[in-house]
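Enquirer: Have a look at the structure that comes next, please.
The values are calculated or read from the model by the stated rules, or taken from the named source; none is laboratory data. Quick caveat, the model's predicted, so the values are computed rather than measured. Cβ placement follows ideal geometry from the backbone for every residue including glycine, while neighbour counts extend to all protein chains displayed.
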Amino acid sequence: MSPIKSAMGMTPQVMEVRSKRMELLSANIANADTPGYKARDIDFASVIGAARDSGSAMMRTHENHIGPGSGSGEIEVKYRAPSQPSTDGNTVDSHREHAAFMDNAVRYQASLNFLDGRIRGLRIAIRGQV
Amino acid sequence: MSLFSAIDVSATALEAQTLRLNTISSNLANANTVSGDPNSAYRAQHVVFETMYSDAHQAFADANAGVQVSEVVLSEVPARQEYSPGHPLADENGFVYRSTVNSVEEIANMVEASRSYQSSVEAMNTVKQLILRTLTLGR
């Protein structure tokens, strides 16, 4: 792993999952009135856990070996357990979706701030002066 | 990039809700339309929403799930018959036929459509801000 990449840590992967989740949640909000639509979401902890574990596992000793997949891995999408399903089969609870959307936006911004701080640190290290 | 497709998804919702608002305005405008024939009386229009996946083969894994109007259905409620022999459009028995629009239902529908529209605009705005902040990363 390149030193610059390792300096960024997990943050880029986290942001990838967050932006994917952003897309899912806006799809849920867009389909709030669609009959039969099932709300979907990502279990953030399990996706990030899988990405972290896959980074350390298995060494390739032959070029025909199939690797464990890329670092970020497949992002697994799950259906949300409905709290108040409606008779037309729609399981979107718009308050819940809005809350999740806001939460995700704030956390995405937090990741941006972390990344910003790391980039600033690297710049200082490169220039050797503040 | 996923954040841009989030904007696309919200845009499909805006389009679908606009069509819904259009049918509602047609219905409200024609709420008092009168006809001399039960078959030509105005029938309320209602949109039917449908999820639009960007790729039908990966409906579940692929997140890009917008919304579209699959069809506009006409109300099956029979036209309201009214006895009004003096009306210029009355048929030979003195009946006129009023439109099938239920104004109260339409207003409730309109409020719901405008709320959904607002939600999608808000989602779009938030995503736009995140994209802009991402662009200024490292400045």
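Enquirer: Pairs, please: C-beta under 8 Å, at least 6 apart or cross-chain, first residue closer than 21 Å to B:Ser120 by Cα and in region A:83-98, second of a type in the set (S, T, N, Q) and modelled with pLDDT under 90?
Expert: Listed by first residue and then by second, the contacts come to A:Asp93/A:Ser83; A:Asp93/A:Gln84; A:Arg96/A:Ser83.
Enquirer: Being of a type in the set (A, V, I, L, M, F, W, C), within 30 Å of B:Gly94 (Cα to Cα) and in contact (Cβ under 8 Å) with a residue 12 or more places away in the chain, is that true of even one residue in region B:12-23?
Expert: The answer is no, given that none of the residues of region B:12-23 is of a type in the set (A, V, I, L, M, F, W, C), within 30 Å of B:Gly94 (Cα to Cα) and in contact (Cβ under 8 Å) with a residue 12 or more places away in the chain.
Enquirer: For B:Phe4, only one of the following conditions fails: (1) in a strand (DSSP E or B); (2) under 25 Å from A:Ala39 (Cα atoms); (3) within 14 Å of another protein chain (Cβ to nearest Cβ). What is its number?
Expert: Tallying (1) in a strand (DSSP E or B); (2) under 25 Å from A:Ala39 (Cα atoms); (3) within 14 Å of another protein chain (Cβ to nearest Cβ), B:Phe4 fails exactly one: (1).
Enquirer: Scan the helices (runs of 4 or more DSSP H) fully inside region A:1-92 and keep the ones with 2 or more residues being in contact with a strand residue (DSSP E or B) (Cβ under 8 Å, 6 or more places away or on another chain) and at pLDDT 90 or above.
Expert: Fully inside region A:1-92 and qualifying: A:11-30.
Enquirer: Now a separate question. For B:Arg80, work out the one condition from (1) within 8 Å of another protein chain (Cβ to nearest Cβ); (2) at pLDDT below 90 it doesn't fulfil.
Expert: For B:Arg80, the failing item is (1).
Enquirer: Separate question: Yes or no: B:Glu122 in a helix (DSSP H, G or I), surrounded by 14 or more Cβ atoms within 10 Å (Cβ to Cβ), within 12 Å of another protein chain (Cβ to nearest Cβ) and within 17 Å of the chain's Cα centre (by Cα)?
Expert: Taking the combined requirement at face value, the residue does not satisfy it.
Enquirer: Take the conditions within 12 Å of chain A (Cβ to nearest Cβ) and more than 30 Å from A:Val77 (Cα to Cα) and apply them to B:Asn109. Does it pass?
Expert: In short, yes.
Enquirer: Could you please tell me which pairs satisfy a Cβ distance under 6 Å, a separation of 6+ or placement on different chains, a first residue in region B:96-110 that is part of a loop (DSSP other than H, G, I, E, B), and a second residue that is of a type in the set (Phe, Trp, Tyr)?
Expert: Listed by first residue and then by second, the contacts come to B:Ser99/B:Tyr42.
Enquirer: Turning to a different aspect of this structure: Could you look through region B:90-113, keep only residues that are surrounded by 14 or more Cβ atoms within 10 Å (Cβ to Cβ) and in contact with a helix residue (DSSP H, G or I) (Cβ under 7 Å, 6 or more places away or on another chain), and pick out the one that is farthest from A:Ser94 (Cα to Cα)?
Expert: B:Val101
Enquirer: Still on this structure, please answer the following. Sort out which residues of region A:83-113 are over 15 Å from the mean Cα position of the chain (by Cα), of a type outside the set (D, E, K, R), surrounded by fewer than 17 Cβ atoms within 10 Å (Cβ to Cβ) and within 12 Å of another protein chain (Cβ to nearest Cβ), and write them in order of number.
Expert: Across region A:83-113, the qualifying residues are A:Gly89, A:Ser94, A:His95, A:Asn113.
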